Amino acid sequence: MVDWSRGELEKRLNSIELAVTIPVNLRIKGEQRILDLSEMEQFLRKAKLISIGECGCRKKLHRCNAPLDVCFSLDREAEDFVKRGLARKVGLEEALDALRRAHEAGLVHVTYTLKRKEKPEVICSCCSCCCHSLSALVRFGMPNAVVASKFIADLNPETCINCGKCVTRCQFRARRLENGNLAYDRTRCFGCGLCVSTCPTGSISLTTRTINDSK
């Protein structure tokens, strides 16, 4: 099975100004799962054109079964991807549905600010086993590959039942079970919100990151 080498990662990341995690919070209304997309939805609503294409990283590495058609391009990048046959034009509702599928699959929403680009026009749904940015961070300890969101996960130990669901959900390896008890390393949390929607007891929430939570 192929894999990213450190040299390949450094070459790819050289063209990226910032790769930033975008938090997605979940609210429950009745039996329907509703996404509060916050910053993510703002990006999409402000875009004049949205396209969806397949994840190049997962297509190359095939290290997981996460959905492929959940990577987004906006405006100029969207137009370019559509012209090159790498993506298809979609409306807002279809884009939001793709975001929901990606979130349920445990993927981290990452927006890339490319060099010589004024605003983010590429938004990917990433896994740490395939994505070049998350792979660089998790596997090779390259902290500058991804910038944390302005939020961080808080845990209420009094209501936590140590079920371990958030452990498997976390792409950044911030959580683990030790002798049946949950251990949480805040310095590894990038504020994506995946653990929040998984916790069966509502013991995890996103709060504003402070200077003490900086990496």
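The values are calculated or read from the model by the stated rules, or taken from the named source; none is laboratory data. Keep in mind the model is a prediction, meaning the values are calculated, not measured. Here Cβ is always computed from backbone atoms with ideal geometry, including for glycine, and neighbour counts include all displayed protein chains.
Brief remarks follow.
- Which listed residue, of 103, 62, is in contact (Cβ under 8 Å) with a residue 12 or more places away in the chain, in the same structural domain as residue 3 (by TED's automatic domain parsing) and under 22 Å from residue 9 (Cα atoms): 62
- Among the residues listed as 163, 189, the single one being hydrophobic (A, V, I, L, M, F, W, C) and closer than 30 Å to residue 54 by Cβ: 189
- Helices (runs of 4 or more DSSP H) wholly inside region 74-146 containing at least 1 residues that are among the polar types (S, T, N, Q) and more than 14 Å from residue 22 (Cβ to Cβ): 132-140
- Subset of region 171-200 [outside any helix (DSSP H, G or I) and within 16 Å of residue 22 (Cβ to Cβ)]: 171, 172, 189, 190, 191, 192, 193
- Count of residues meeting criterion [modelled with pLDDT under 75, assigned to a loop (DSSP other than H, G, I, E, B) and over 15 Å from the mean Cα position of the chain (by Cα)] in region 31-69: 1
- Flag if residue 69 is in contact with a helix residue (DSSP H, G or I) (Cβ under 9 Å, 6 or more places away or on another chain) and surrounded by fewer than 21 Cβ atoms within 10 Å (Cβ to Cβ): yes
- Filter pass, residue 174 being farther than 22 Å from residue 66 by Cα, in contact with a Phe, Trp or Tyr (Cβ under 9 Å, 6 or more places away or on another chain) and crowded, with 18+ Cβ neighbours inside 10 Å: no
Per-residue answers, yes or no, for (1) of a type in the set (A, V, I, L, M); (2) modelled with pLDDT under 90; (3) in the same structural domain as residue 46 (by TED's automatic domain parsing):
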site	(1), (2), (3)
133	no, yes, yes
137	yes, yes, yes
160	no, no, no
163	no, no, no
170	no, no, no
189	no, no, no
